[in-house]
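The values are calculated or read from the model by the stated rules, or taken from the named source; none is laboratory data. These numbers were taken from a predicted model, which means no experiment stands behind them. So basically every Cβ, Gly included, is an ideal-geometry build from the backbone, and we count neighbours across all protein chains shown. Just so you know, the surface numbers come from the protein's heavy atoms only, side chains and all, with ligands and any DNA or RNA stripped out. Shrake-Rupley method; radii C 1.70, N 1.55, O 1.52, S 1.80 Å.
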Amino acid sequence: MALLFAGVFLLALLLKWLSAKFPAWGQTGATLLKPENRETWEAIAVGLGAVLALTAPRFGRHTFGALERAFSRFAGHRTHAILAAAAFPVVVRLALLPLIPIPQPSIPDEFGHLLLADTFASGRITNPTHPMWRHFETLYVFHQPTYTSQYPIAQGLILAVPLALHAHPWFGICLSVALMCAASCRMLQGWLPPKWALLGALLAGARWGIVTSWMNSYWGGAAGAIGGALLVGAWPRLLQRGRPFDVLMAGTGLFVLSQSRPFEGLLLSLPVGALLLTRLLSKPRQNLRVLATLTGVSILVAGSVLYYDWRVTGNPLQMPYQLHKQFYGTPQNLLWSAPVMQATRVKQQRDIWDNFEWQLGLFQEQSSWEGFIQAMQKKLKSFWEFYFQPILSLPLLLLPLVMRRRPIRFLFFTAMFVLLAGFLLYPFFFPHYVAPLTGVLLVLMLQGARCLRTLRWPHQRFGAALFRWSLVTAGVVSCSLLVLGGMLCPACVSTGATARSRVADELKQRGGQHLVLVRYSPTHDFNYPWVYNSANVDKSPVIWARELDQASVTELFRRYPDREAWLVHADDPNPKLILYADKDRPQISAILNAAGKSPFFKEGVAPGSIVTLFGDQLAASLESHAGECMISLPQGDAREHPHTLLPGFDGSRPGVVIPGLEEPLPAMTMEQASVDSGGVFALGGETSKKTRDPLDAKTPTVRFGELPGTVLCVMQSGGGESVTVLVPPVLAGDSVNVVVRSGENESKSKAFPVLPVNPGILQTSQSGKRAALVLHASGDLVAPRNPARHGEILRMFLTGFGVLGANGPQFPFIVGVNNRGASLRAVNCAGCRGGIVELRFEVPQEAPSGDEVPLSAAVVVNGQPVFSNNSTLAIR
């Protein structure tokens, strides 16, 4: 294990260094993790293994046999095998920490389990109702008669272990995966020879425990698998020996099932418990001790569950999940039961109501036969993609041969009963819902694999060779590629940081105690909440609260007079803390070249460029500016501009004089604005026909130092607002303080660098992707359906080109197609005073064809090119 940790750790460090140099590797990792890609190559691997087994059945037999004998000797030490199975996924995952960080909670379910963990780690079963609880309402948490989460407690108990030791709760997730693999190994030892038990446990760790959500979120999965493995593993032992320890394991399994996945756990426990009792009661005198112990353990489990429900809900027969429905009305969990439509608090908060409508919609979709069949298909596909894929499906083809044994037949029909009942009766599905079946699935797969090894055809050990290449070799490679995919694309595996966690880290660095009032936009996604608190709200360093009416906020301030109060707009592209006293002032969060973010400058303004300011409270009213945002019309009459001779580049040779043009630019509009990648533009004739009122007194004003900018556009941008403005062309200095005034309120000045140039290619949206806004000579848009041709003269548009001189732009230009210089034929400066220059260039004959050929531009400053944002061009 030490060698395994060292090897994986060094590989992680190497890949971290290489990934910084080759960012495109992240896409490779995402490709490796996609289930559809894994399905394809695993199917190919199984086919190649079958061909190799037929043509060379003896190939690799001796090497594989030696490895198998060593593996069997180690697996024969049952305790050592259990410990190795437990350590394997945890050792690998800990070694990956340099690449794949400890995950941050992001969805409501995770915060709910963490609330339970904090409650238990604090030594409490539940928490008293807070006097200001209406500010703390959120998904899957209730506040009356006590304050806790709706979820069963198994996941919370596991997360509470490291919290009680003042460690990060994620180490409880590691513990749960280790216990899952240990319990799986011990369970399989009761059903299979030791080497097969260890193989199955290692398979569970590699396939379901390292780079899946079971290890990299707080949602759960391993807890249900632990309960199922303990129950199914105790069953054959109780029938053979009936030791008290095995009864205790069965009782623990029942408890974990009831407090992790109650519905699926009940479905599994019913047939297993019925068979077990039937067999034990057939010889009551011989099994009296076992029956008595099992009865006592069952009473203890039931009593603990009833006691917990009584402490939380006030009714021992009412689960927290059921009480939550009375308040917040989430649909009932069985298809035949009616949703709770008249819940008392369901409409009090918009995100809670949105969540209710989403769940209700899924519930109602399955009320029709068509919707029901589609839902079944999705559930089966999700189940198969997570648990099997082609490699692990191969042994299942042999199940008809192994089902002649009664115990295997019973396990198969039990699995089918749990799956079908869960699919048919419960409207929702995620793979961890059927985690209690993990152990049963392992037994069935491994029994099929054992049968596969015995197949002979023709007179050769075809099955052994097929097992060797299609299952073991391809399976090891598949699991390794799965882990490699996570290493190459850590963001695909673990949520390393969220907007909420970044704000929380900032507050932690500030120190002290804080009160954060959260303001959601009307379009807030309820899947990403902010308002979650610890078990003891008043003692938390940071309290997250909803911003309700002013009277209740004032009451909140009275309760926490010593806390620093903040406001955060949760749905801003880059949420920032705002002192609550400044909540009505405009807030500038970022400034960006309107045409896109340059890879060289994160922020900065160039004289005469068009930039977009992002933030909050930027406009007194957006109602009159909700239509088109025309920004590219020339300033004044083009004929006022002299006929100029503009310096430029012909191919890669500087110094060629290019005649200037005087044609007005085509009308363009900004349709979208994003703090991540700038604006999306469109030709005036191709946008929607909405109109807007002229910019009026409600329009914000923008100052760059003492110089006013020309406001061109005010619009919504995601969850925030944006103002697009023409920077004063005479701007000078190294930095400038930018101020926005909206109505009677003025923002604090914020300093931004002044750049000589900050070029940006205007871009449009084509099939959901960004591409350069480039025109044919006729004025038609270049697009995949109307591509450019080699040797054709095209028109592209650039902003951020710097200071204008008497003869036009001060600095020369470069145009690049597929990272090579293209011949610049003309520069149209009719719109230069409006912040946009038109470059006419020739498509090189050697340029490749395609819908996304790289296109770039550069402005040459002091002999050095400053490149624009990266864009694309369609060429045929």
Self-check item: the range 161-182, residues that are open to solvent by 10 Å² or more (accessible area, probe 1.4 Å), part of a helix (DSSP H, G or I) and of a type in the set (A, V, I, L, M)
Solution: VAL161, LEU163, ALA164, LEU175, ALA178, LEU179, ALA182
Quiz item: What number goes with the only condition from (1) of a type outside the set (Lys, Arg); (2) part of a loop (DSSP other than H, G, I, E, B); (3) under 40 Å from the mean Cα position of the chain (by Cα) that PRO728 does not pass?
Solution: (3)
Exercise. State all residues of the range 235-266 that are small (Gly, Ala, Ser) and either free of Cβ contacts under 8 Å to residues at least 24 places away in the same chain or outside any helix (DSSP H, G or I) (or both); if no residue qualifies, say none.
Key: GLY242, SER260
Quiz prompt | Listing of strands (runs of 3 or more DSSP E) fully contained in the range 627-721 that carry 3 or more residues being out of contact with any Lys or Arg (no Cβ under 9 Å at 6 or more places or on another chain) and either crowded, with 18+ Cβ neighbours inside 10 Å or at pLDDT below 60 (or both) | solution = 645-650, 653-661, 668-674, 678-683, 710-717
Self-check item: Scan of the range 828-841 for residues that are within 11 Å of MET796 (Cβ to Cβ) and not acidic (Asp, Glu), ordered by number
Solution: ASN828, ILE836, VAL837, LEU839, ARG840, PHE841
Self-check item: Residue that is nearest to the chain's Cα centre (by Cα), among those in the range 20-44 that are modelled with pLDDT under 85 and surrounded by 15 or more Cβ atoms within 10 Å (Cβ to Cβ)
Solution: GLY26
Quiz item: Does ILE173 fit the bill of being in contact (Cβ under 8 Å) with a residue 24 or more places away in the chain, touching a Leu at 6+ places or on another chain (Cβ under 6 Å) and not acidic (Asp, Glu)?
Solution: no
Practice problem: Could you tell me which residue of the range 768-785 is farthest from PHE601 (Cα to Cα), considering only residues that are touching a residue at least 60 places away in the same chain (Cβ under 8 Å) and open to solvent by 20 Å² or more (accessible area, probe 1.4 Å)? | Solution: GLY779
Quiz item: Which one is farthest from ILE226 (Cα to Cα), of the residues in the range 115-156 that are open to solvent by 30 Å² or more (accessible area, probe 1.4 Å) and in a helix (DSSP H, G or I)?
Solution: ARG134
Quiz item: Hey, any hits in the range 309-319 for a residue that's assigned to a helix (DSSP H, G or I), of a type in the set (Phe, Trp, Tyr) and modelled with pLDDT of 90 or more?
Solution: yes
Self-check item: Any hit, the range 542-552, residues being more than 30 Å from TRP208 (Cβ to Cβ), open to solvent by 50 Å² or more (accessible area, probe 1.4 Å) and in contact (Cβ under 8 Å) with a residue 40 or more places away in the chain
Solution: yes
Quiz item: Are any residues in the range 782-814 within 35 Å of the chain's Cα centre (by Cα), outside any loop (DSSP other than H, G, I, E, B) and over 23 Å from VAL859 (Cα atoms), and if so, which ones?
Solution: ALA783
Quiz prompt | Subset of the range 220-256 that is among the aromatic types (Phe, Trp, Tyr) and crowded, with 19+ Cβ neighbours inside 10 Å - its residue that is farthest from PRO89 (Cα to Cα) | solution = TRP235
Exercise. Could you please find all residues in the range 736-751 being hydrophobic (A, V, I, L, M, F, W, C) and under 15 Å from ASP584 (Cα atoms)?
Key: VAL739, VAL740
Exercise. Only residues that are surrounded by 19 or more Cβ atoms within 10 Å (Cβ to Cβ) and either modelled with pLDDT under 85 or among the polar types (S, T, N, Q) (or both): list them for the range 722-753, please.
Key: SER722, THR724, SER742, SER747
Self-check item: Matching residues in the range 553-608 - criterion: being outside any loop (DSSP other than H, G, I, E, B), surrounded by fewer than 19 Cβ atoms within 10 Å (Cβ to Cβ), in contact (Cβ under 8 Å) with a residue 24 or more places away in the chain and of a type outside the set (A, V, I, L, M, F, W, C)
Solution: GLU555, ARG559, GLU564, TYR580, ASP582
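Residue-wise test of (1) farther than 21 Å from SER677 by Cβ; (2) under 40 Å from the mean Cα position of the chain (by Cα).
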{"site": "GLY821", "(1), (2)": "yes, yes"}
{"site": "ALA826", "(1), (2)": "yes, no"}
{"site": "ARG833", "(1), (2)": "yes, no"}
{"site": "GLN845", "(1), (2)": "yes, no"}
{"site": "PRO848", "(1), (2)": "yes, yes"}
{"site": "VAL861", "(1), (2)": "yes, no"}
{"site": "LEU873", "(1), (2)": "no, yes"}
Quiz item: Any chance the range 46-64 includes a residue that's more than 24 Å from LEU199 (Cα to Cα), at pLDDT 90 or above and of a type in the set (Ser, Thr, Tyr)?
Solution: no
Practice problem: Select, from LEU419, LEU446, the only residue that is under 28 Å from the mean Cα position of the chain (by Cα), in a helix (DSSP H, G or I) and crowded, with 16+ Cβ neighbours inside 10 Å. | Solution: LEU419
